[in-house]
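Data first, discussion second: the structure below is written as structure tokens.
The values are calculated or read from the model by the stated rules, or taken from the named source; none is laboratory data. What you see is a predicted model, and the numbers here were worked out from it, not measured in a lab. A quick note on method: Cβ atoms are made from the backbone with ideal geometry, for glycine too, and the neighbour counts reach across all protein chains shown. For the accessible areas, the whole protein counts, side chains as well, though only heavy atoms, and no ligand, DNA or RNA atoms are used. Shrake-Rupley method; radii C 1.70, N 1.55, O 1.52, S 1.80 Å.
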Amino acid sequence: LRLNGAPWTVMLASPSDLDDLAVGLALTERLVADAAGVHGLRIAQADGDWTVDVDVPTPLRPVRARSVAGATGCGICGLESLADFRTGLAGAAPLVATQVITDAAVMAAWAALPDLQPVNAATRSVHAAAWCSPDGAVLLVREDVGRHNALDKLVGALARQGRLGEPGFVAMTSRCSVELVAKAAVARALLLATISAPTTLALTTSATLGVPLACAGPGRQVVRFPMESADAER
């Protein structure tokens, strides 16, 4: 990914919906407030590698290239310190829930999601991030080998369609790590529902940003987590 003509970061990602990925990353890195802040998106492919150029004429905060390649495992890997991540969250107003997402809605979304994952149906190796209506209907899905990339693609797609901020929640096929909570907050999700439980730092960040969390428990029951403070990611 290149930003304003200069190298920004290298991502290990599935080569689909790369325009959504670039816009979503600009949003979740809090460089822009909406898709209108991104200009001149260009995608090129050569020798199996993909390059995406985006222009952000007036970034909302200083831009620094990530020091290492972004892998599939963690959306904050490559930052110079955790302080960089926390700085990105500074000033973000906590979300105020306007309605409660029921267990039935969460279960409906998880039940529908497998049939809406064509890449995973063929490979059994990618994650999905879905935008769901408050009643659990799956409205939009993006897939990627990296869970954080899938969510960036989803955020970017919502923004490019002018739907960022519409009532809904995020359902994902992965565990809940801290960067997913931060990205769900950018989408103003009413809930982040993941298959596996959240890390401790994810719980801390959910309290800071006001994003309720849920995961699949025994018997596919929905387990909800209190947004309480903790000290470190486990």
statement: Matching residues in the range 18-52 (open to solvent by 30 Å² or more (accessible area, probe 1.4 Å) and either among the aliphatic types (A, V, I, L, M) or over 14 Å from the mean Cα position of the chain (by Cα) (or both)) number 17
- prompt: Out of curiosity, is residue 88 at pLDDT below 95, open to solvent by less than 20 Å² (accessible area, probe 1.4 Å), outside any helix (DSSP H, G or I) and of a type outside the set (Val, Ile, Thr)?
  reply: no
task: Please identify the pairs in which a residue from the range 213-224 that is of a type in the set (D, E, K, R) has its Cβ atom under 6 Å from the Cβ atom of a residue that is surrounded by 12 or more Cβ atoms within 10 Å (Cβ to Cβ), counting only partners at least 6 apart or on another chain.
output: 224/214
message: For the structure I just gave you, tell me whether residue 134 is over 15 Å from the mean Cα position of the chain (by Cα), closer than 21 Å to residue 103 by Cα and open to solvent by 50 Å² or more (accessible area, probe 1.4 Å).
response: no
- prompt: For the range 15-37, which residues satisfy the criterion of being out of contact with any Lys or Arg (no Cβ under 9 Å at 6 or more places or on another chain), assigned to a loop (DSSP other than H, G, I, E, B) and either touching a residue at least 60 places away in the same chain (Cβ under 8 Å) or over 27 Å from residue 120 (Cβ atoms) (or both)?
  reply: 32, 33, 34
statement: Out of (1) modelled with pLDDT under 95; (2) of a type in the set (A, V, I, L, M); (3) over 25 Å from residue 195 (Cα atoms), the one residue 44 does not meet is (1)
